[in-house]
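The values are calculated or read from the model by the stated rules, or taken from the named source; none is laboratory data. Not measured: the values here are computed from a predicted model. Here Cβ is always computed from backbone atoms with ideal geometry, including for glycine, and neighbour counts include all displayed protein chains. Remember, those area values only see protein heavy atoms, side chains included, never the ligands or the DNA or RNA. Shrake-Rupley method; radii C 1.70, N 1.55, O 1.52, S 1.80 Å.
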Amino acid sequence: MEKQFPENFLWGASSSAFQIEGGWEEDGKGKTVADFNSFKRSHIQADSKVASDFYHNWREDILLMKELGLKIYRFSIAWARIIPDGDGEVNLKGVEFYNQVIDCLLENGIMPFITLYHFDLPYALVEKYNGWESRECVYAFERYAKICFEAYGDRVKYWQVHNEQNLMVRVDERMNIYVDDAWEADRMRAQMDYHMFLAHALAVNACHSLVKDGKIGPAVSSTCTYPYSNKPEDVWAAKMNDWFKTNYCLDIHFTGEYPGYYMRYLKLRNIVPVMEEGDKELLKSAKMDYIALNYYRTLCARYLPVDEEHPEGSRVCRTNEVDFDQYGYFRDEKNINLLASEYGAQIDPMGLRIVLNEYYQRYRLPLIITENGLGTGDILTEDKKVHDDYRIAYLRDHIKACALAIEDGVELFGYSPWSVMDLLSSHQGFKKRYGFIYVDRDDHDLKQLERIRKDSFYWYKEVIDTNGESI
């Protein structure tokens, strides 16, 4: 392949606090929604109590990242490690933990790229306010963000606010929505979503105020949907699926207001969020510096007409909450032209090129990929090798798509796949693995938690060493 990637391209790898750290209540850390949800499945899979145990192995793990050649390490801070109850006293041991991690990364030539919130709301905020349903949570998040900017902003210049807000709000468990009435669930969802937009805006403005040369933006779960047929209504349904699941979110970050089609839906359902004076000005004032996207798969949709039981805008989840159907808009269908991973994600490098072009043409902001990877089972051989040629093939094809997007004119400044090492999968524990580094543990047997370089580790190291020319 010709030289495609700019000289300063940020090759990285990613993780999140609750999936990698462990040490779930050590040194004053509070419980989170992610902990609460993982403990409900402790009897059938690994939970967040140990995870990959980065909390006790971070020095050695960062040396492995250095060996891999990472330019950036994209990870999240656990809000409840900094402020155990979400809005009370600051836990200095938690602040110091991330100070040590950041310093160690920098000493090893790796740029820290920090997400403030990755699915792990302090559980105390759920008990006090039902989390994001209350504006109190917005101000608690702003305070937390400012504490992080003041503590780490002298060394950390790249920040993300929420990881996958647009996906998170679709999953009741992640938002702590436990009601039987579907309309009430969607009313709460819309209000929580709105409050997260306000929190995002406050964090963006605080970063620009407190962090010299700070860059901040969202990390969205990207959506690329193909029409099930060339019927006009199916083509429209595919666009609606993208707009309702991702683009509305980016539009609010970019313009400060709901797109017309989304406000029409909110009014139709009678679930327009409660908004206060000054909110519009706040949302419009916060300017994101870049867009991060997490990309795993594409979707396919056809038009779903309303019927007597399902009025326009009502939602149902046939397969999962993330890929919900919406009457009068779209129905999720399988794309017969694509192969899928063992966990059902349809593999489509072309889709990555499409979304990179679409987002860049729409917003004209620099882009970085902060998640992309293949989750599947790995086999550790008797001589402690992991021959994951399937992962190498997946990543190679997606990196080629990145190169083509750059050739198309997209300003892509980094690629940070999921994940740096095997970590806790929310619904598959340690059965589903993504890492370049194998973590030797099972769901209920911690073994020695040994770190073992997979074949993909050596392959990706060469990709980084050659700035993508080895692809």
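Would you pick out the residues in segment 425-444 that are charged (D, E, K, R) and assigned to a loop (DSSP other than H, G, I, E, B)?
Lys431, Lys432, Arg441, Asp442, Asp443
Anything in segment 273-288 that is part of a loop (DSSP other than H, G, I, E, B), open to solvent by 30 Å² or more (accessible area, probe 1.4 Å) and closer than 12 Å to Phe197 by Cβ? List them, or say none.
Met275, the sole residue that qualifies.
Of the conditions (1) under 16 Å from the mean Cα position of the chain (by Cα); (2) part of a loop (DSSP other than H, G, I, E, B), Gly328 satisfies every one except a single condition; which number is it?
The one condition Gly328 does not meet is (1).
For the subset of segment 76-120 comprising residues that are out of contact with any helix residue (DSSP H, G or I) (no Cβ under 8 Å at 6 or more places or on another chain) and open to solvent by less than 10 Å² (accessible area, probe 1.4 Å), which member is nearest to Tyr144 (Cα to Cα)?
Thr115
Here is a list: Lys447, Lys461. Which entry is touching a residue at least 12 places away in the same chain (Cβ under 8 Å), of a type in the set (Lys, Arg) and either assigned to a loop (DSSP other than H, G, I, E, B) or in contact with a helix residue (DSSP H, G or I) (Cβ under 6 Å, 6 or more places away or on another chain) (or both)?
Being touching a residue at least 12 places away in the same chain (Cβ under 8 Å), of a type in the set (Lys, Arg) and either assigned to a loop (DSSP other than H, G, I, E, B) or in contact with a helix residue (DSSP H, G or I) (Cβ under 6 Å, 6 or more places away or on another chain) (or both) holds for just one of Lys447, Lys461, which is Lys461.
So is Tyr73 surrounded by fewer than 23 Cβ atoms within 10 Å (Cβ to Cβ), aromatic (Phe, Trp, Tyr) and touching a Gly at 6+ places or on another chain (Cβ under 8 Å) or not?
Considered against the rule, which asks whether it is surrounded by fewer than 23 Cβ atoms within 10 Å (Cβ to Cβ), aromatic (Phe, Trp, Tyr) and touching a Gly at 6+ places or on another chain (Cβ under 8 Å), Tyr73 comes out as no.
Within segment 388-409, which residues are closer than 18 Å to Arg362 by Cβ, open to solvent by 10 Å² or more (accessible area, probe 1.4 Å) and of a type in the set (A, V, I, L, M)?
Selection gives Ile406 alone.
Being more than 24 Å from the chain's Cα centre (by Cα) and in a helix (DSSP H, G or I) is the filter here; which residues of segment 86-99 pass it?
If the condition is that a residue be more than 24 Å from the chain's Cα centre (by Cα) and in a helix (DSSP H, G or I), then Leu92, Lys93, Glu96 are the ones that fit.
Taking the stated definitions as given, is Ser221 under 19 Å from Gln326 (Cα atoms) and surrounded by fewer than 21 Cβ atoms within 10 Å (Cβ to Cβ)?
Numbers: under 19 Å from Gln326 (Cα atoms): yes; surrounded by fewer than 21 Cβ atoms within 10 Å (Cβ to Cβ): yes.
It is true that Ser221 is under 19 Å from Gln326 (Cα atoms) and surrounded by fewer than 21 Cβ atoms within 10 Å (Cβ to Cβ).
For segment 235-272, enumerate the residues that are open to solvent by 10 Å² or more (accessible area, probe 1.4 Å) and touching a strand residue (DSSP E or B) at 6+ places or on another chain (Cβ under 7 Å).
Correct list: Val235, Asp242, His253.
Would you check which residues across segment 2-45 are open to solvent by less than 20 Å² (accessible area, probe 1.4 Å) and over 25 Å from Gly435 (Cβ atoms) and list them?
If the condition is that a residue be open to solvent by less than 20 Å² (accessible area, probe 1.4 Å) and over 25 Å from Gly435 (Cβ atoms), then Gly30 is the only one that fits.
Being in a helix (DSSP H, G or I), within 18 Å of Ser134 (Cβ to Cβ) and among the hydroxyl-bearing types (Ser, Thr, Tyr) is the filter here, so list the residues in segment 157-213 that pass it.
Tyr194
Filter segment 442-460 down to residues that are out of contact with any strand residue (DSSP E or B) (no Cβ under 9 Å at 6 or more places or on another chain) and charged (D, E, K, R) and give me whichever is surrounded by the most Cβ atoms within 10 Å (Cβ to Cβ).
Across segment 442-460, the extreme among qualifying residues is Asp455.
If a residue must be open to solvent by 40 Å² or more (accessible area, probe 1.4 Å) and within 20 Å of Thr246 (Cβ to Cβ), how many such residues does segment 295-315 contain?
Matching residues across segment 295-315 total 5.
Within the set of pairs 6 or more residues apart or between chains, which connect a residue that is aromatic (Phe, Trp, Tyr) inside segment 63-74 to a residue that is modelled with pLDDT of 95 or more and open to solvent by 20 Å² or more (accessible area, probe 1.4 Å) with Cβ atoms less than 8 Å apart?
Tyr73/Met111
Working only within segment 1-47, note down all residues that are in a helix (DSSP H, G or I), among the acidic types (Asp, Glu) and farther than 23 Å from His162 by Cβ.
Glu26, Asp27
Restricting segment 382-419 to residues that are assigned to a loop (DSSP other than H, G, I, E, B) and within 20 Å of Leu352 (Cα to Cα), which is modelled with the lowest pLDDT?
My answer is Ser419.
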